[in-house]
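Just below is one structure, and these are the notes that go with it.
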Amino acid sequence: MPEGDTVYRAARSLSEALAGSVVTRFDIRVPGSATADLRGETVHEVVSRGKHLLHRIGEHTLHSHLKMEGEWHVYGRAEKWRKPAFTARAIVGNDVWDAVGFELASVEVLPTREEDRVVGHLGPDPLAEDWDPAVAARLLAADPRPVHVALLDQRTVAGFGNEYANEVLFVRGILPTRPATEVDTVALIDLGARMLRTNRDRTPRTFTGDARPGRTTWVYGRARRPCRRCGAAIREGSLGARATAERNVFWCPNCQR
Ligand SMILES: [Zn+2]
């Protein structure tokens, strides 16, 4: 699943392919922005904000969100796409490269000065230059909901997805159902931010430090398997802010309190 680290890397490779060049192909295949045409404009940069991507082109921004299935790929002109063309939602090309966004959850072209409308609600982003852990820790500490739910709220801290929430809580020894108000949120945010920053520059994502298949997580995806610390069987349940937003939650009944 795309989390902040994946989106950050996507922005970096899109920027490498597009920044500083003139758009020669611009094709948005979603209702609402399908008529937008930024051909002839210059791409300034592509940046991530939490799990949102912003292509800044001329005076405009192409905003997209990857949600569960979305991906951006960069192709040479003659290169065959690795995903079906009918799943493409946006194409931004220059003389050399085509950046193609597949199965994006939202795509919108808006004036750059109005970016706040789509990302202004986001909390501090651990991968941004202006990252402020104190603000994130304070927002989290004020949330009476289960800490797992609170950590996934992008208004509090932007970039953590379900895998991060599960893993960070295990390493800190905190049950996912504990109210965030009862947790040392400074230490929790500090650890989560360090994990995101470490994983930003490497694949595959790992939380244990071991990148071998099947060894990258402590609890995520390991229901009924033995805890790597104490041997107890890892439990699985679900938690969410709403019934429609439930996520799989994994924990060790022994190591997490
Ligand atoms: Zn354990």
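Axis angle, to the nearest 10 degrees, between helix 185-200 and the longest C-alpha principal axis of the chain: 50 degrees. With neighbour counts taken as other beta-carbon atoms within 10 Å, the residues LEU239, LEU18 rank, fewest first, as LEU239, LEU18.
Apply the a/c threshold of 1.5 to the C-alpha gyration tensor of the range 4-119 and tell me whether it is rounded, prolate or oblate. Here the range 4-119 falls in the rounded category. Within straight-line reach of LYS80, meaning a Cα separation under 13 Å, sit the following aspartates and glutamates at least 8 residues removed in sequence or on another chain: ASP98. The distance separating the Cα centre of the range 12-54 from that of the range 89-112 comes to 5 Å.
Every helix of 4 or more DSSP H residues in the chain counts as -39500 (n - 2.57), and over all residues that averages to -7000 deg cm²/dmol at 222 nm.
Rounded, prolate or oblate: which fits the range 122-210 when a ≥ b ≥ c are the square roots of the eigenvalues of the alpha-carbon gyration tensor, with rounded for a/c under 1.5 and prolate only if a/b beats b/c? Verdict is oblate for the range 122-210. Here the extension length gained between ARG155 and ALA85 equals 21.8 nm, from 0.36 nm per residue of separation less the Cα-Cα distance.
A straight Cα-to-Cα reach below 24 Å connects LYS51 with the lysines LYS67, LYS83, residues fewer than 8 places away in its own chain not being considered. Relative to the dominant Cα principal axis of the chain, helix 4-18 is inclined by about 20°. For the chain, the square roots of the Cα gyration tensor eigenvalues, ordered a ≥ b ≥ c, give a/c of at least 1.5 with a/b greater than b/c, which places it in the prolate category.
Rounded to the nearest 10 degrees, the angle from helix 162-172 to the longest Cα principal axis of the chain is 40 degrees. For the chain, the relative contact order works out to 16 percent when only alpha carbon pairs closer than 8 Å and six or more residues apart are counted. Annotation: extensible slack from ASP95 through ARG225 equals 41.7 nm (criterion: 0.36 nm per residue apart, minus Cα-Cα distance).
We did not get these values from a lab; they are worked out from the coordinates using the rules stated. Computed from a prediction, not measured in an experiment: that's the story for all the values here. Virtual Cβ from ideal backbone geometry, glycine too; neighbours counted across all protein chains shown.
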